[in-house]
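Undergrad: Take this structure first; my questions come after.
The values are calculated or read from the model by the stated rules, or taken from the named source; none is laboratory data. Quick caveat, the model's predicted, so the values are computed rather than measured. We place every Cβ from the backbone using ideal geometry, glycine too, and count neighbours over all the protein chains shown.
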Amino acid sequence: MKKALVILFAAASVVTLAAGQTAVPKAKLPVLTTSAGQSNDVNALNIVLEEADIKYDYCDVPTPEMVAAGVGLGNKQSAEGFHVESTTDLAKFPKGTPFKACLVAIGASLKGMGASGLTIDTEEARVKKLVDYCKKNKIFLVAVHVGGEAGRGPAGSDNERMIDAVAPLADFIVVTKDSNKDGRFSKIAEKGKIGFQQVDYALGLVDIVKKMFN
Amino acid sequence: MNVIMIFYYLITAALVCLLGWNLIREKKSANDMILGLLVMIPLVLRLLRVK
Amino acid sequence: MTLQIGVLLLLMVAAYAVASLKKLSVELSILAAAVAGGLGGAFLKTPPLGELPRHLVEGMFPYLDVMLVFSTATFFMALVSESGGVNYVVRGAIKLFYNVRVVALLVLMIIILIPGALTGAGSVSILVVGAPVALALKALGIPERKTAAILFIVAGLAAAAPPVNIWAMILCAGTAIPYVGFTYTLGIPVLILGTFTVLWLGLKKEGGMDKAAALAALPPVPPGMKGWRVLVPFVVFFGMVIANRTWPFATPIFGLPLEFSAAAFTAWLVSPRKPDVLKLALNTMKRLLPLLATMIVVGMLQQIMTATGVRGMISYAVISIPLVLLFIGLAVIIPVSEGVLTYGAAAILGIPLIWFFDSIGLHATVAIAGLSILWPLGDGLPPTALIGRLSVMVSDYKGTYWSFLRQTWVPWLVITITSILMVVYSAKLSFLVKWSM
Amino acid sequence: MSAPESKPLAHPVRVKIVLAVLAAALTVAGGVPLFKHRHFGTPFVAGPGVTKVIKLSDYSPGLKGRFVDADVFVMEGAEPGGKALIMANTHANEPAGYLAVKILIENAVVQKGTLYIIPTINVSASRNTKAGDGYPLYYDIPTDWGRVRFRMGTRDASPLESWPDPDVYIHYPDKQLLSYLDLRNTNRTWPGRPNGPMMERVTYAAMELMRKEKIDLAFDFHGAETMFPVTNCIVAPQKSAKFATLASMMVKAMEGFDSHVEPSPQNFRGLSHREIGDFSNTLPFLLEAPIPFLDQPTGPKTVKLLLDGKDPFLLSLAKKKKLFVSYDANGWPMDKRVGQHMSTTLEIIRQFSKKTPDRAIRLSGAPKYADLVRDGVGKYFHDPAKAEPGRIHYE
């Protein structure tokens, strides 16, 4: 089994050559992970970081104030519809160290938003504020979409609104092949001259984040 | 079977009896005979615990 | 496959038309359509001929419980009426409110709204309070056809009103959206539309009676009839409904038929003159027969339509309509589907519609609320016309069904526009859902 | 609208007798198949891994002797370890899960830990039919040695076990209002009560099983319409989300099929993926595989549609982007759906075992997605004619 896994990781890290792919840029720690649209894809993102052995802070619905509080997210505690997790190595980055990078998992889930008491409008407004904050404070913003076709939808749908709120403003976009079947992400990257990578499977991200943060 | 469910079988049985009695009294309208019989079918199948 | 199913649909429509032309009743015409569809389907083995009897019999079941509700509720009200309770109430209402017309109308509206709101069935409103309210409206100088129109529209709104709205519940169950957030989303439009309806149809006094004449024109109250004798059976009924709602884990589930039966038994106990129960029950069943049969044949039609693919094709056609046309088309599609299929329409058209609306960014809860205000109008449309027929029956209107239906057109239009706007602007109205939580 | 006045009949009694005979004939011709369906059983051969077969009522006396009491197949490994419960036929018109557990029961062997399998958690619904929806009563799966016949059940328990319905179902203990029908839907009556309405008793007994046996993982197998947003996925609450996500990523990469993860909504009560997590230490997972048969806009509801999932209307809607799964002319065959349930479950068990080695569960003999797609599900059914009589259970 172990052997199979090694082969799999190797295979997954062989990036499909799609139009407009660029090299993986370097980013610095500490990193914050979060969601735009409250789908489960942020869990996938966290798992990817764990597999890559990169420590992170996570909040599903962070406010700019929480991001400004840096590592530890102002000691906020998880509550119903609000999750916080801080695994960042405090020896290297003590509490309050400003974040240098932010990974946003894009994917709208009606259920996820409902659970957090959000609607698509409030979520869009919240995400826009967060993206603005990152841009102003030079936090390296990475847009991630690993939801595949299930995480997309017709034009104007919740998912597409989340993509529009994050991807065009990101510093780097990384998506799975299924998520980019219609070339939506490559076009956004090309138009905005944004770094872009496409991977076969979500697991392929492990290699990319390793390159990014090491 | 609990008490309330037994009441429901009694109500159903009462309806079947009323429909049946009306059917027997019906002399004129073939329409009403057909409708009466149609309505009785599911009630009877429920009483027999078929469906 | 589309062609085959299309032919089956035509066959069913043709069978219905021929049966109607041969002067068969609505119920038998629907039955003819179902059987014709089943036989036609057997040619294509969808379903095979051997399964046809099973499909026909199975199709008799979807509304079995609704039939029990209708039967027991009608019997209960017949008892109350026979014992003189209805006359007593109407007399009281006229005495109190004759001179303040708007208040009288609003009070009567609330009286119709309550039973339907609690049970989710407009028919219960009509069956329980329809007859006395109709008498009171007449005493206020409102002609029978307008009385029937008021009863029909307000009873429909009662069915849509919170806390229990069966269309919304079927949709929520089918789309896995929680049945919460409807209190104001449904309550506010229902109250506004209800007020509009009773004032539009009832504000103008058309009869020339003054208060004394109105009272004299009402049937006499039998000796010994007292307020408590009217009240007690209703207390028993609402007591059981409310007990279930208030202490849900301490009270057993009675169900409406048993609640009505208990109320009927109480009404018989407290009645000052003892009516002939058997005769009353037999008459009730005879009077209800066409309605009960409608429930049976509509279920059969639904079963055959699904087994043959006709239902799926119709559902497909509705979902495929371009969006703007679909919004406009709702005005026709929703009521007509209710007229043909009653609650089945919510499952067949409603569930795919809501999924679709949800995927294009509309707010599902508000959209469900909007549609479920429109659905009850269909209860006045043939072939079933359940609430329309009940309204005509209890208000004693003798004209044609269509002349009654024509009376409703202004409230009908206002309700239609309101509900379509609710769907289109559902995202903007989502604050109603938040208030309701 | 009133029925037209009919002319007086010449021979009312004769007409009446003829009509009554016709009605009786229809009652019998329609009623007998329904009665037979309710009492039909499909043989399940307890395979080499099954160590005992117990009843759900062993965990809650409120079910003793009831029609709704369900069989629980227990598969104990030689080595102690973690425990998993697999439930199918919560909705008995979503059969992929039912076929998957039949394969597990007949083929799998557990080395470490214990598997509890309830093939039909809602017995009453599996012996009920959906009035008004025109389903076939049975479907047949071909095998090398003949056909195996299964009942097509429905979503809700029969009124024969739970009558009457309330005006509105008030969920216990949350008091959330649900549709009156949901009183008979075992995916709304969790966590249940020992002596409440019948379906609450069923879910309560399953909760007791999970609490008393200290079950680590619970799987609830479902199917969902292709037009339903929550389809082809694993529904998991926060506490199960990591294992679900890992499994989803692994099956996508290693076995080549999609099954994304949907968060279990916190404010929607009564569902297994919500209440099992909230009322026990078990991690719940609800698996949804697409089932085109249940979609509203389809052609006739035939056995073929149930098994191959091919429908022209859905194909057309897919082109208009109105479905929530990819859909092409190949439809969505049963073998694929059963395979997804099987592989996703095995993968979640594997991921859990990796993270908590002392509660690991190890089993062999269960086919995976690729095997089922290649061989078809029938290949893995055992011939009851060749089994020892004591090993056959009619489900």
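Undergrad: Those residues that are hydrophobic (A, V, I, L, M, F, W, C) and assigned to a helix (DSSP H, G or I), I need them from the range D:194-218; list them, please.
TA: Residues satisfying the conditions are D:198, D:199, D:202, D:205, D:206, D:207, D:209, D:210.
Undergrad: Before we move on, is residue D:174 within 14 Å of chain C (Cβ to nearest Cβ), over 30 Å from residue C:301 (Cα atoms) and assigned to a loop (DSSP other than H, G, I, E, B)?
TA: The answer is yes for residue D:174.
Undergrad: Helices (runs of 4 or more DSSP H) wholly in the range C:376-437 with at least 2 residues that are touching an Asp or Glu at 6+ places or on another chain (Cβ under 6 Å) - which ones?
TA: C:386-395
Undergrad: Could you identify the single residue in C:178, C:222, C:257 that is out of contact with any Ser or Thr (no Cβ under 6 Å at 6 or more places or on another chain), within 14 Å of chain D (Cβ to nearest Cβ) and surrounded by 15 or more Cβ atoms within 10 Å (Cβ to Cβ)?
TA: C:178 is the lone residue from the list that is out of contact with any Ser or Thr (no Cβ under 6 Å at 6 or more places or on another chain), within 14 Å of chain D (Cβ to nearest Cβ) and surrounded by 15 or more Cβ atoms within 10 Å (Cβ to Cβ).
Undergrad: Still on this structure, please answer the following. All but one of (1) in contact with a helix residue (DSSP H, G or I) (Cβ under 6 Å, 6 or more places away or on another chain); (2) of a type in the set (Ser, Thr, Tyr); (3) in a helix (DSSP H, G or I) hold for residue C:195, so report the exception by its number.
TA: Result: residue C:195 passes all but (1).
Undergrad: Any residue that is over 15 Å from residue C:156 (Cα atoms), more than 13 Å from every other protein chain (Cβ to nearest Cβ) and either surrounded by fewer than 20 Cβ atoms within 10 Å (Cβ to Cβ) or modelled with pLDDT of 90 or more (or both) - is there at least one of those in the range C:333-352?
TA: The answer is yes, given that some residue of the range C:333-352 is over 15 Å from residue C:156 (Cα atoms), more than 13 Å from every other protein chain (Cβ to nearest Cβ) and either surrounded by fewer than 20 Cβ atoms within 10 Å (Cβ to Cβ) or modelled with pLDDT of 90 or more (or both).
Undergrad: If a residue must be more than 7 Å from chain D (Cβ to nearest Cβ) and assigned to a helix (DSSP H, G or I), how many such residues does the range C:55-65 contain?
TA: 1
Undergrad: Further, regarding this structure: For residue C:129, are the conditions met, namely being at pLDDT below 90, away from chain D (no Cβ under 14 Å) and crowded, with 24+ Cβ neighbours inside 10 Å?
TA: yes
Undergrad: Taking interchain pairs and intrachain pairs at least six residues apart, which have beta carbon atoms under 8 angstrom, with the first residue in the range A:70-93 and on the phi > 0 side of the Ramachandran plot and the second among the acidic types (Asp, Glu)?
TA: Filtered contacts from the range A:70-93: A:72/A:57; A:73/A:57; A:74/A:65.
Undergrad: Taking only the range C:281-328 into account, find how many residues are under 30 Å from residue B:21 (Cα atoms), free of Cβ contacts under 8 Å to residues at least 40 places away in the same chain and not aliphatic (A, V, I, L, M).
TA: 1
Undergrad: From the list C:52, C:21, C:9, C:68, pick out the single residue that is facing chain D (nearest Cβ under 9 Å), of a type in the set (A, V, I, L, M) and surrounded by fewer than 23 Cβ atoms within 10 Å (Cβ to Cβ).
TA: Selected residue: C:52, the only one of C:52, C:21, C:9, C:68 that is facing chain D (nearest Cβ under 9 Å), of a type in the set (A, V, I, L, M) and surrounded by fewer than 23 Cβ atoms within 10 Å (Cβ to Cβ).
Undergrad: Among the residues of the range A:31-73, which ones are within 14 Å of chain D (Cβ to nearest Cβ), outside any strand (DSSP E or B), closer than 18 Å to residue A:165 by Cβ and touching a helix residue (DSSP H, G or I) at 6+ places or on another chain (Cβ under 8 Å)?
TA: Selection gives A:37, A:39, A:41, A:45, A:60, A:61.
Undergrad: Something else about it: Check the range C:359-381 and report whether any residue there is closer than 29 Å to residue D:314 by Cα, in contact with a Pro (Cβ under 7 Å, 6 or more places away or on another chain), within 11 Å of chain D (Cβ to nearest Cβ) and in contact (Cβ under 8 Å) with a residue 12 or more places away in the chain.
TA: Yes, the conditions are met somewhere in the range C:359-381.
Undergrad: Among (1) within 14 Å of chain C (Cβ to nearest Cβ); (2) farther than 28 Å from residue C:170 by Cβ, which single condition is residue D:208 missing?
TA: Tallying (1) within 14 Å of chain C (Cβ to nearest Cβ); (2) farther than 28 Å from residue C:170 by Cβ, residue D:208 fails exactly one: (1).
Undergrad: Here is a further query. Are any residues in the range C:90-109 in a helix (DSSP H, G or I), loosely packed, with under 15 Cβ neighbours inside 10 Å and touching a residue at least 60 places away in the same chain (Cβ under 8 Å), and if so, which ones?
TA: C:95, C:102
Undergrad: Further question on the same structure: Scan the range A:181-196 residue by residue and report those that are more than 14 Å from every other protein chain (Cβ to nearest Cβ) and surrounded by fewer than 24 Cβ atoms within 10 Å (Cβ to Cβ).
TA: A:183, A:186, A:187, A:188, A:190, A:191, A:192, A:193, A:194, A:195
Undergrad: Regarding the range C:112-121, can at least one residue be identified that is at pLDDT 90 or above, under 22 Å from residue C:386 (Cα atoms), in a helix (DSSP H, G or I) and not hydroxyl-bearing (Ser, Thr, Tyr)?
TA: yes
Undergrad: In the range D:177-193, how many are facing chain C (nearest Cβ under 10 Å) and either in a strand (DSSP E or B) or under 19 Å from residue D:88 (Cα atoms) (or both)?
TA: Result for the range D:177-193: 7.
Undergrad: I've got another one for you. Would the range D:138-149 turn up any residue that is among the β-branched types (Val, Ile, Thr), touching a helix residue (DSSP H, G or I) at 6+ places or on another chain (Cβ under 6 Å) and more than 13 Å from chain C (Cβ to nearest Cβ)?
TA: The answer is yes, given that some residue of the range D:138-149 is among the β-branched types (Val, Ile, Thr), touching a helix residue (DSSP H, G or I) at 6+ places or on another chain (Cβ under 6 Å) and more than 13 Å from chain C (Cβ to nearest Cβ).
Undergrad: Could you give me the residue pairs with C-beta distances under 6 Å whose first residue belongs to the range C:124-135 and is of a type in the set (Ser, Thr, Tyr), whose second residue is part of a helix (DSSP H, G or I) and buried (at least 24 other Cβ atoms within 10 Å of the Cβ) wherever it lies, and which are 6+ apart or on separate chains?
TA: Listed by first residue and then by second, the contacts come to C:125/C:112; C:125/C:115; C:125/C:116; C:125/C:155; C:125/C:158.
Undergrad: Taking the options B:51, B:28, name whichever one is free of Cβ contacts under 8 Å to residues at least 40 places away in the same chain, basic (Lys, Arg) and surrounded by fewer than 18 Cβ atoms within 10 Å (Cβ to Cβ).
TA: Every option except B:28 fails the conditions.
Undergrad: Within the range B:4-40, which residues are of a type in the set (Asp, Glu) and assigned to a helix (DSSP H, G or I)?
TA: B:32
Undergrad: Got a number for residues in the range C:283-321 being facing another protein chain (nearest Cβ under 7 Å) and part of a loop (DSSP other than H, G, I, E, B)?
TA: The number of residues fulfilling the criteria is 1.
Undergrad: Also: Spot the failing condition for residue B:46; the list is (1) surrounded by 20 or more Cβ atoms within 10 Å (Cβ to Cβ); (2) under 20 Å from residue D:21 (Cβ atoms); (3) of a type in the set (Lys, Arg), and only one is missed.
TA: (2)
Conditions (1) more than 14 Å from chain C (Cβ to nearest Cβ); (2) surrounded by fewer than 20 Cβ atoms within 10 Å (Cβ to Cβ); (3) out of contact with any Asp or Glu (no Cβ under 6 Å at 6 or more places or on another chain), marked per residue:
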residue: D:287; (1), (2), (3): yes, no, yes
residue: D:292; (1), (2), (3): no, no, no
residue: D:295; (1), (2), (3): no, no, no
residue: D:304; (1), (2), (3): no, yes, yes
residue: D:319; (1), (2), (3): no, yes, yes
residue: D:338; (1), (2), (3): yes, no, yes
residue: D:365; (1), (2), (3): yes, yes, yes
residue: D:372; (1), (2), (3): yes, no, no
residue: D:390; (1), (2), (3): yes, yes, yes
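Undergrad: If you don't mind, there's one more thing I want to ask. Any residue at all in the range D:220-238 that's surrounded by fewer than 23 Cβ atoms within 10 Å (Cβ to Cβ), within 13 Å of another protein chain (Cβ to nearest Cβ) and of a type in the set (Asp, Glu)?
TA: No, the range D:220-238 contains no residue that is surrounded by fewer than 23 Cβ atoms within 10 Å (Cβ to Cβ), within 13 Å of another protein chain (Cβ to nearest Cβ) and of a type in the set (Asp, Glu).
Undergrad: Restricting to the range A:43-90, and then to whatever is buried (at least 21 other Cβ atoms within 10 Å of the Cβ) and among the charged types (D, E, K, R), can you tell me which residue is nearest to residue A:127 (Cα to Cα)?
TA: A:60
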